[in-house]
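Below you'll find the structure, written out as structure tokens, and then a few comments.
The values are calculated or read from the model by the stated rules, or taken from the named source; none is laboratory data. Given the structure is predicted, the values throughout are model-derived calculations rather than measurements. Note: ideal-geometry Cβ built from the backbone for every residue, glycine included; neighbour counts use all protein chains shown.
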Amino acid sequence: AARLCSGKAEAAGGDGAMLRHLARKLRASGPVTVAEYMREALTNPGQGYYTRRGGVGESGDFITSPEISQVFGELIGIWYISEWMAMGKPSTFQLVELGPGRGTLTEDILRVFKQLASVLSKCDVSVHLVEVSPKLSEMQAVMLTGGKVQPNPEDESAYMKGISKTGIPIFWYRDIQDVPPGYSFYLAHEFFDALPIHKFQRTEKGWREVLVDIDPEVPDQLRFVLSPSRTPATQNFIQPEETRDHVEVCPEAGVIVQRLASRIEKDGGAALVADYGHDGTKTDTFRGFRNHKLHDVLSAPGTADLTADVDFSYLRKMAQGKTATLGPIKQREFLKNMGIDLRLQVLLQNSGDTATREQLLHSYDMLMNPEKMGDCFNFFALLPHHRLVHPDKKDKPESKSPLPPVAGFNELLLK
Ligand code: SAH
């Protein structure tokens with residue numbers, strides 16, 4: 001099963017190293033924010049979930065759209081080509097993926113770039129992967145380069161570099177800030193949902209932050225508590241007009257979107273964000289996954305994926321008007337606009353055996369069915385303002401040809 005969009009958690013055990021580390025810390029210095037807990041559990045350099053397990057894929061803890069069907073990545077590859085064309089075919093671009101998992105999505109995109117090599121022939125393309133997990137970057141290197149990589153290249157800000165099987169240079173970084181500036185197409189698929197969130201609860205005494213503490217009654221068991229008074233985060237992250245009683249905020253996502261928006265404003269390009277999420281309406285979405293099942297977020301930290309819905313209204317706000325934004329639009333609408341039905345027909349016609357055809361239909365259903373991933377996953381884009389409105393439109397509206405619609409958010413019109 002894919003990661004679900006909501007549901008009840010169930011408990012499971014673990015090897016306990018991360019729990020012991022956290023328990024020591026909590027005993028020594030008191031409760032921590034949910035964000036700090038999540039950061040430790042997911043990306044602690046020694047024991048973090050992504051650092052050690054990596055989790056993505058059928059044999060892991062959760063499966064993602066690119067792992068379900070090659071069509072997903074192919075359509076995203078076409079989205080980038082369509083935007084590259086709409087933006088006047090710049091002579092060079094960087095494809096920058098945040099949190100590439102096993103590298104499958106980039107692999108599928110690069111296959112499309114290769115198939116459309118005649119279109120891209122005069123364009124200098126490079127790939128830049130932002131990945132904190134040594135284990136996953138190793139898997140990405142195997143998938144994309146066959147394992148032929150150079151660690152710690154002296155002349156680069158990257159921690160690793162290699163050449164894709166299709167001949168495109170690939171670089172790895174720990175932070176988006178290390179990626180060189182330049183015209184870039186950014187991609188974040190199921191990345192923002194893995195970033196640490198703060199949680200807040202409205203009480204009779206005002207907003208309080210939800211914290212993680214050790215349970216005094218049960219040894220080495222964690223529990224949620226409320227901060228006795230306001231915390232810096234309650235002051236900074238709750239809007240005065242907030243109407244919900246429980247709110248989750250992911251400041252790290254906000255900072256990254258600010259960086260993306262500044263980079264796109266300055267150097268050009270676009271960002272495509274795909275994730276499950278809401279538009280500032282949901283409350284408690286923090287949950288864990290292990291072996292494709294819901295998992296209690298406080299049990300056996302470091303052994304399960306922890307995740308929270310992305311608040312797209314917050315991302316839009318954090319773009320601060322530096323770029324235009326589009327979406328969120330439901331995954332099934334985006335993929336339909338990108339021509340998934342036609343692509344499915346072609347693949348069905350080309351596949352001789354029944355098993356392959358059944359697999360194609362099954363994966364299409366997983367991606368598109370509103371009850372599965374079709375409705376709860378969304379696409380959201382950051383684009384330069386001039387991509388949507390001519391800068392001098394107000395003065396001479398009829399003197400310019402109309403701008404091509406942005407594919408995915410509208411029907412794809414590739415000439
Ligand atoms: N995009 C992939 C994987 C999603 S899992 C897919 O859809 O299949 C989340 C990914 O983000 C993993 O690769 C994880 O290691 C990475 N990640 C998590 N936190 C990160 C951070 N703070 N900085 C960079 N990468 C991070």
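Here's a check for you: in segment 1-25, which residue that is crowded, with 17+ Cβ neighbours inside 10 Å and modelled with pLDDT of 80 or more is farthest from Asp375 (Cα to Cα)?
Within segment 1-25, the match that is farthest from Asp375 (Cα to Cα) is Ala23.
Starting from segment 222-238, keep only residues that are surrounded by fewer than 18 Cβ atoms within 10 Å (Cβ to Cβ), then list their pairs with residues that are in a strand (DSSP E or B) and of a type in the set (Gly, Ala, Ser) whose Cβ atoms are within a distance under 8 Å, requiring at least 6 positions of separation or different chains.
From residues that are surrounded by fewer than 18 Cβ atoms within 10 Å (Cβ to Cβ), the pairs are Arg230/Gly206.
I'd like the residue in segment 96-112 that is hydrophobic (A, V, I, L, M, F, W, C) and in contact with a Ser or Thr (Cβ under 7 Å, 6 or more places away or on another chain) and, out of all such residues, is farthest from Phe191 (Cα to Cα).
Selected residue: Leu110.
Can you run down the residue pairs with Cβ atoms below 7 Å, 6 or more apart or on separate chains, where the first is in segment 301-323 and more than 24 Å from Glu40 (Cβ to Cβ) and part of a loop (DSSP other than H, G, I, E, B) and the partner is among the hydroxyl-bearing types (Ser, Thr, Tyr) and away from the ligand (no atom under 16 Å from the Cβ)?
Pairs that qualify, where the first residue is more than 24 Å from Glu40 (Cβ to Cβ) and part of a loop (DSSP other than H, G, I, E, B) and the partner is among the hydroxyl-bearing types (Ser, Thr, Tyr) and away from the ligand (no atom under 16 Å from the Cβ), are Ala319/Thr325; Lys322/Ser262.
Give the number of residues within segment 53-69 that are crowded, with 19+ Cβ neighbours inside 10 Å and more than 13 Å from Leu306 (Cα to Cα).
Qualifying residue count, segment 53-69: 8.
Can you tell me which residue among Glu358, Glu411, Glu333 is over 29 Å from Leu195 (Cα atoms) and under 27 Å from the mean Cα position of the chain (by Cα)?
The conditions single out Glu411.
Could you please find all residues in segment 324-381 being assigned to a helix (DSSP H, G or I) and among the small types (Gly, Ala, Ser)?
Ala355, Ser363, Gly374 - these are the residues of segment 324-381 that are assigned to a helix (DSSP H, G or I) and among the small types (Gly, Ala, Ser).
Do we have Glu83 as within 16 Å of the ligand (Cβ to nearest atom) and among the acidic types (Asp, Glu) here?
no
Determine the pairs where a residue that is farther than 11 Å from Tyr314 by Cβ, located within segment 243-270, has a partner that is part of a loop (DSSP other than H, G, I, E, B) and among the aliphatic types (A, V, I, L, M) with Cβ atoms under 6 Å apart, the partner being 6 or more residues away or on another chain.
Cβ pairs passing all conditions: Glu252/Leu195; Ala261/Ala319.
Among the residues of segment 123-137, what is the count of those that are more than 16 Å from Tyr49 (Cβ to Cβ) and among the charged types (D, E, K, R)?
1
Of the residues Ser137, Ser133, Ser157, Ser118, which single one is without any contact (Cβ under 8 Å) to a residue 40 or more places away in the chain and within 11 Å of the ligand (Cβ to nearest atom)?
Within the list Ser137, Ser133, Ser157, Ser118, the selection yields Ser137.
If I ask for residues that are part of a loop (DSSP other than H, G, I, E, B), under 20 Å from Leu382 (Cβ atoms) and near the ligand (Cβ under 9 Å from one of its atoms), which ones from segment 163-198 would you list?
Asp175, Glu190, Phe191, Leu195
Provide a single number: the residues in segment 281-298 that are at pLDDT below 95 and outside any strand (DSSP E or B).
Within segment 281-298, residues that are at pLDDT below 95 and outside any strand (DSSP E or B) number 2.
Taking segment 19-69, which residues are within 15 Å of the ligand (Cβ to nearest atom), over 18 Å from Phe286 (Cβ atoms), in a helix (DSSP H, G or I) and in contact (Cβ under 8 Å) with a residue 40 or more places away in the chain?
Residues satisfying the conditions are Thr51, Arg52, Ser65, Pro66, Ile68.
Could you list, in sequence order, all residues of segment 86-108 that are outside any loop (DSSP other than H, G, I, E, B), more than 8 Å from the ligand (Cβ to nearest atom) and of a type in the set (S, T, N, Q)?
Once the filter is applied, which keeps residues that are outside any loop (DSSP other than H, G, I, E, B), more than 8 Å from the ligand (Cβ to nearest atom) and of a type in the set (S, T, N, Q), segment 86-108 yields Thr92, Gln94, Thr106.
Would you point out the residue of segment 164-188, among those that are among the small types (Gly, Ala, Ser) and in contact with a strand residue (DSSP E or B) (Cβ under 7 Å, 6 or more places away or on another chain), that is surrounded by the most Cβ atoms within 10 Å (Cβ to Cβ)?
Filtering segment 164-188 for residues that are among the small types (Gly, Ala, Ser) and in contact with a strand residue (DSSP E or B) (Cβ under 7 Å, 6 or more places away or on another chain), the one surrounded by the most Cβ atoms within 10 Å (Cβ to Cβ) comes out as Ala188.
Suppose we keep only residues that are in contact (Cβ under 8 Å) with a residue 24 or more places away in the chain and more than 8 Å from the ligand (Cβ to nearest atom) within segment 121-130. Which one would you say is surrounded by the fewest Cβ atoms within 10 Å (Cβ to Cβ)?
Of everything passing the filter in segment 121-130, Lys122 is surrounded by the fewest Cβ atoms within 10 Å (Cβ to Cβ).
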